[in-house]
Amino acid sequence: MSAEKAIRLTLEQDRDYAFRIQFEETSLEPLLADEASPLGGDRGPTPSQLLLASIANCLCASLLFALRKYKNQAGTLRAEISATPSRNADGRLRIPKAFVTLQLPEGNEDYQHLERILDQFENFCTVTQSVRHGIEVEVTVKDAHGRTLLGDKSFEAGS
């Protein structure tokens, strides 16, 4: 991933609360995401599960990169992540804290410079660091005619 290149996904409603996610510039088939029942149909991972998967995946990739940087030949890494949604002061569900366990496949004595690796690798995880510091999200809504309904300060009702 280039720091200068935009990350693009396209979502299209499949039915009800299920959406097909197309990962732009890949040959991957679209991924079906869905809300849990009773709201959705449990037909795919929920947005919250995808968020947690992204955090865990990025941490694993950052750890693997750091291990390899110091010439360590790690076996298969494993991660487990869990979080318990809770209601905020407004009664809306949020994920206040996630618990991640990364499992190295070998003993610590089998790694070169492990202390330095463990001190640094999290700082290189784009997703985790973005989530920890918050993400500014600008929302734009357009209608079928291409008119911007939300997000463009120049929009005026009826234009």
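Where a number appears in this text, it was derived from the coordinates with a stated rule and is not lab data. A quick note: this is a predicted structure, and the numbers were derived from the prediction, not measured. Quick reminder, even Gly has a Cβ in these numbers, built from the backbone with ideal geometry, and neighbours come from all protein chains shown.
Report, to the nearest 10°, how far helix 47-69 tilts away from the longest principal axis of the Cα atoms in the chain, using its own Cα long axis and a range of 0 to 90°.
The two axes meet at around 30 degrees.
From the P(r) of region 72-159, can you give the percent of Cα pairs sitting at distances over 21 Å?
60 percent
Whole number please: convex hull volume per residue of the Cα set in the chain, in Å³?
Once divided by residue count, the hull of the chain is 197 Å³.
Calculate one ³J(HN,Hα) per residue across region 122-132 by plugging θ = phi - 60° into the Karplus curve 6.51 cos²θ - 1.76 cosθ + 1.60, and present them in order as whole Hz with x for glycine and proline.
Working through the residues one at a time gives 4, 5, 9, 8, 4, 5, 4, 5, 5, 5, 4 Hz.
Just going by the charge dipole of the chain, with Lys and Arg at +1 and Asp and Glu at -1 on Cβ, which of 21, 9, 135 is farthest out on the positive end?
Value: 135.
Any chance you could check the Cα centroid distance between region 115-152 and region 1-72 for me, in angstrom?
13 Å
Read phi for every residue in region 90-103 and hand back ³J(HN,Hα) as whole Hz from Karplus 6.51 cos²θ - 1.76 cosθ + 1.60, θ = phi - 60°, with x for Gly and Pro.
These are the phi-based 3J(HN,Hα) values: 8, x, 9, 5, 9, 10, x, 7, 10, 10, 10, 10, 9, 10 Hz.
Can you tell me how much longer the chain between residue 148 and residue 25 gets when fully stretched, taken as 0.36 nm per residue apart minus their C-alpha distance, in nm with one decimal?
Contour length minus the Cα-Cα distance gives 41.7 nm.
Using 10 Å bins from zero, what percent of all Cα-Cα pairs in region 1-42 falls into each bin?
The distribution over region 1-42 is 29, 39, 23, 9, 0, given as percents.
Based on a Kirkwood Rh over C-alpha pairs, give the Stokes-Einstein translational diffusion coefficient of region 15-77 at 4 °C and viscosity 1.567 mPa s in µm²/s.
Reported coefficient: 93 µm²/s.
Given a cut-off of under 8 Å on Cα pairs at least six residues apart, what relative contact order in percent is computed for region 3-159?
14 percent.
Loop-only GluC sites (Glu not before Pro) in region 40-136, please: DSSP not H, G, I, E or B, and at most 10 other Cβ atoms within 10 Å.
Answer by residue number: 136.
Please compute the modelled spin-label separation between residue 61 and residue 74, points set 7 Å along Cα→Cβ, answer in nm with one decimal.
The two pseudo-label positions are separated by 1.4 nm.
Springs between alpha-carbon atoms under 10 Å, Gaussian network over the chain: tell me which of 137, 100, 127 tops the mean-square fluctuations.
The residue with the greatest mean-square fluctuation here is 137.
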